[in-house]
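The values are calculated or read from the model by the stated rules, or taken from the named source; none is laboratory data. Remember, predicted model here, so these are calculated numbers, not experimental data. Methodologically, a virtual Cβ is constructed for each residue, glycine included, from the backbone with ideal geometry; neighbour enumeration extends over all protein chains shown. Ligands, DNA and RNA are excluded from the accessible area calculation, which covers all protein heavy atoms including side chains. Shrake-Rupley method; radii C 1.70, N 1.55, O 1.52, S 1.80 Å.
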Amino acid sequence: MKLVRVIDTKRCMGCRACVAACAVENHFTPDSPWNVMVESEGGTFPNVYRTFVTMNCMHCENAPCKLACDKAGFKAITKNDLGVVLIDYDKCTGCGYCAAVCPYGVPQINGAKLATLYPGEAPTPVEAVPAAERHWTHRKQAGKAEKCTFCWHKLEKAVADGKTDRIGKDPQYTPACDLVCPVDARAFGDVDDPTSKVAKQIGTKKAAQLKREYGAGPQVYYVLEGGER
């Protein structure tokens, strides 16, 4: 099984529902987003257009962040059997090597102090959830690297329930961002299954990996206007 995400930029309308869903699901840390929207404009007046591209962790097969972290001796970044790249906050030193080498600018080194969403006000109900009651990927620490986990807490549940075949199909086993898109611009699942939605879209829509020249082997594919980039 190889989990991938396909994002169709031709369908995306920039509503940011995926960004909001990620923030709520994964205990958003101010200034350290796991999913961001990148906007660009093209064309010549009056024939102009705007493109929206969401950027999250690519969960690369040859993840530069992991290679750098291993080389530095910290070994805080792992890649598991489902291809998910994760950061161990207890091992992370906040050195920033992962952020420096990532071709996609994904890892975020959060602040020296974890701020509340609304400075000067009481924590929101989500922020007030005790760390001990959170999944370990949500027990964030100040001065550490963090990033998208493909909602590992959900995928882990699929493994525990023996239902990895339902990943990308059942809400409880699918990343939050991929569930909420109102225009069906996101798909998640097993690319090794030729009947899966992601496998079909990569083939029929000619979805491409960004910055392939770096050799990282990203597991997020994009349907792009004008072809591969």
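What to note about this one:
- Within region 198-224, being within 20 Å of S40 (Cα to Cα) and in contact with a Gly (Cβ under 8 Å, 6 or more places away or on another chain) holds for A208, Q209.
- Count of region 141-152 residues, restricted to those that are open to solvent by 20 Å² or more (accessible area, probe 1.4 Å) and within 16 Å of R5 (Cβ to Cβ), is 1.
- Criterion violated by R50 - all others in (1) exposed (fewer than 12 other Cβ atoms within 10 Å of the Cβ); (2) free of Cβ contacts under 8 Å to residues at least 24 places away in the same chain satisfied: (2)
- Of all residues in region 139-177, those that are under 24 Å from C98 (Cβ atoms) and either in contact with a His (Cβ under 6 Å, 6 or more places away or on another chain) or not small (G, A, S) (or both) total 17.
- Count of region 155-206 residues which are of a type outside the set (S, T, N, Q) and not in a helix (DSSP H, G or I): 25
- Cβ-Cβ under 6 Å pairs, at least 6 apart or on other chains, region 153-175 side open to solvent by less than 70 Å² (accessible area, probe 1.4 Å), far side among the acidic types (D, E) and assigned to a loop (DSSP other than H, G, I, E, B): none
- Taking region 27-41 as the range and being more than 18 Å from R186 (Cα to Cα) and open to solvent by less than 70 Å² (accessible area, probe 1.4 Å) as the test, the residues that pass are H27, T29, P30, S32, P33, S40.
- Residue check, K91 in contact with a helix residue (DSSP H, G or I) (Cβ under 7 Å, 6 or more places away or on another chain), free of Cβ contacts under 8 Å to residues at least 24 places away in the same chain and either within 27 Å of D190 (Cα to Cα) or outside any helix (DSSP H, G or I) (or both): no
- If you go through region 116-134 and keep only what is in contact (Cβ under 8 Å) with a residue 24 or more places away in the chain and polar (S, T, N, Q), you end up with just T116.
- Flag: N62 matches the condition of being modelled with pLDDT of 95 or more and open to solvent by 50 Å² or more (accessible area, probe 1.4 Å).
- Where C60 falls short, out of the listed (1) more than 16 Å from the chain's Cα centre (by Cα); (2) part of a loop (DSSP other than H, G, I, E, B): (1)
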